[in-house]
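Taking it in order: structure first as structure tokens, then the write-up.
Bear in mind that the values in this text are calculations on the coordinates, not laboratory data. The structure presented is a predicted model; accordingly, all values stated were derived computationally and were not measured. All Cβ positions, even for glycine, are placed from backbone atoms using ideal geometry, and neighbour counts span all protein chains on display.
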Amino acid sequence: MVHLTELAKRLIDGKNLASVATLMPDGSPEVAPVWVEREGDTVVINATTRRQRYHDLKRDPRVALCVFDMGNIYTNVMIRGRATEITKKGAEEDIDRLSMKYNGRKYPDHSPENPRVIIRITPERVFNWGG
């Protein structure tokens, strides 16, 4: 596992969005904006089981993220790695925490018909730009 840079930690810990890229079944890329957090050097995102990224990462764990400094998008970090864990355990509480970080309130759209998962990503390469 590669360690996150100080810039990566600062951007992930801040109220900055990430774009996450996964591989569709036909090999084409799919990119979506996500909220992001970390546990040490592990990058953590949250998704519902209906999201394309969930299905993609269950099939092929390769993933790339770009986290942008919302105050200066030319300062960003790109992380390539693998989804090393996908779990429902704690996912509803996690989305509440992320919603508090980004919106200042608990997540309003919990649905038992659309369960959430936590996706933990182990970095393999980290690139800094600016900052």
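Some notes on this structure:
- For GLU85, the residues whose amide H sits under 5 Å from its own are ARG120, ignoring neighbours fewer than 5 places away on the same chain, with H placed 1.01 Å from N.
- Calculated from backbone phi, Karplus (6.51, -1.76, 1.60) coupling profile of the stretch 78-87 in Hz, x at Gly/Pro: 10, 10, 10, x, 9, 6, 9, 8, 10, 9
- The order of THR22, THR75, going from fewest to most other C-beta atoms within 10 Å of their C-beta, is THR75, THR22.
- Total lysine pairs whose alpha carbons fall under 17 Å of each other in the stretch 6-126 (8 or more apart, or interchain): 5
- Note that the stretch 104-112 has calculated 3J(HN,Hα) couplings of x, 8, 5, 5, x, 10, 4, 8, x Hz, one per residue in order, obtained from phi through the Karplus relation 6.51 cos²θ - 1.76 cosθ + 1.60 (θ = phi - 60°); glycine and proline are x.
- With a cut-off of 12 Å between beta carbons, the residues surrounding LYS106 carry a summed charge of -2, where Lys and Arg count +1 and Asp and Glu -1.
- Debye, to nearest 20: dipole size of the chain, +1 on Lys, Arg Cβ, -1 on Asp, Glu Cβ: 60
- Efficiency of FRET between ASN72 and LYS9 - r from beta-carbon atoms, R0 22 angstrom, step 0.05: 0.80
- Taking θ as phi - 60° and the Karplus parameters 6.51, -1.76 and 1.60, the scalar couplings of the stretch 62-75 work out to 5, 8, 9, 10, 10, 9, 9, 6, 5, x, 7, 5, 7, 9 Hz in sequence order, x denoting glycine and proline.
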